[in-house]
Amino acid sequence: MNRFWCIVFLLVPIMGVATFAVAPYYNIWFPRDVSTHGITIDNLFMFILWITGIVFIATEWALFQFTWKYNAAHNPEPAKFSHGEHTLEVVWTIVPAAILLFIAIYQMDAFAAAKMRKPNMQPTAEITGRQFNWDVRYPGPDKELHTLDDIVRYDGNIHMPMGEDVLLVIKSQDVLHSFFLPNLRLKQDVIPGMEQAMWFHAKDTGRFDIVCAELCGWGHYKMKARLTLQTRADFDQWLAETYQAEQAMTTAKVGQ
Ligand SMILES: [Cu+2]
């Protein structure tokens, strides 16, 4: 192989690693983490990134070495084929298997905290995915869902309290969707006919993205919403005002 192509091959790992190294400085790395659980997910991601990064550099370096050393121009002797090295094959099968097994065990607690240790409380709200919107239903003054005083919003403006556990019931009205909150490091596939739970504990206020992470039809791209994290007092006030506005609208409609 021409030495020029050896250099081109070498550029792949160099550019690949450089992209990751500079990404945080160009603000193309993770979005700001605003959940108490987020750091666990980020650490797990970094841990796996380091393992795969080291393996990537080692294999790309070996590829470069072989293409450089054994290029045809400098090796007129034809290549000899052999059966291979049995011990080597055993090693490169067992080592990746052991690494995968280790990751599987190492991440168990993070998975359990995110998906299994559901907080024992009334749901803060119910989210319904449909083509193409995220509808949200909050309990009204009676604090219970699916009663006459529920507050239902279709405008994609979802409000939640920070500084406390939040429990969401999540479901789909039609097809598969995926409720993705990047700043809370949460993502849940939403399956028709199935009620699932999602929970988080936000540590900051602000407005954040909500997107659908499962291709769900022609309008998938516009299935985005905004999450507003507020203090408990602000959230209660917003909920009360929204409730009053809805009551006034209902009364006006009845009066017509
Ligand atoms: Cu979608």
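The values are calculated or read from the model by the stated rules, or taken from the named source; none is laboratory data. Here the structure is a predicted model, which means the values were calculated and not measured. Quick reminder, even Gly has a Cβ in these numbers, built from the backbone with ideal geometry, and neighbours come from all protein chains shown. Note: areas computed on protein heavy atoms with side chains; ligands, DNA, RNA excluded. Shrake-Rupley method; radii C 1.70, N 1.55, O 1.52, S 1.80 Å.
Per-structure values
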quantity: Yes/no for GLU89 being open to solvent by 60 Å² or more (accessible area, probe 1.4 Å), of a type outside the set (A, V, I, L, M) and closer than 22 Å to THR52 by Cβ; calculated: yes
quantity: Scope the range 152-191; condition in contact with a Pro (Cβ under 8 Å, 6 or more places away or on another chain) and touching a residue at least 60 places away in the same chain (Cβ under 8 Å); matching residues; calculated: PRO182, ASN183
quantity: Pairs, first touching a residue at least 12 places away in the same chain (Cβ under 8 Å) in the range 52-71, second aromatic (Phe, Trp, Tyr) and open to solvent by less than 80 Å² (accessible area, probe 1.4 Å), C-beta under 7 Å, six or more apart; calculated: none
quantity: Single residue of the range 199-219 satisfying the filter (among the aliphatic types (A, V, I, L, M) and within 16 Å of the ligand (Cβ to nearest atom)) that is most open to solvent (accessible area, probe 1.4 Å); calculated: LEU215
quantity: Tabulated pairs, the range 212-238, first in contact (Cβ under 8 Å) with a residue 60 or more places away in the chain, second open to solvent by 30 Å² or more (accessible area, probe 1.4 Å) and more than 16 Å from the ligand (Cβ to nearest atom), C-beta under 6 angstrom, 6+ apart or interchain; calculated: ARG226/ASN157; ARG226/ARG207; THR228/ARG207; LEU229/MET162; LEU229/THR205; GLN230/THR205
quantity: Of residues in the range 109-137 being surrounded by 11 or more Cβ atoms within 10 Å (Cβ to Cβ) and in a helix (DSSP H, G or I), the one farthest from the ligand (Cβ to nearest atom); calculated: ASP109
quantity: Count - residues of the range 138-166 that are open to solvent by 30 Å² or more (accessible area, probe 1.4 Å), touching a strand residue (DSSP E or B) at 6+ places or on another chain (Cβ under 7 Å) and closer than 21 Å to TYR221 by Cβ; calculated: 2
quantity: Any hit, the range 171-182, residues being away from the ligand (no atom under 13 Å from the Cβ) and in a helix (DSSP H, G or I); calculated: yes
quantity: Some residue of the range 17-33 being closer than 30 Å to MET162 by Cα, part of a helix (DSSP H, G or I) and touching a Phe, Trp or Tyr at 6+ places or on another chain (Cβ under 7 Å); calculated: yes
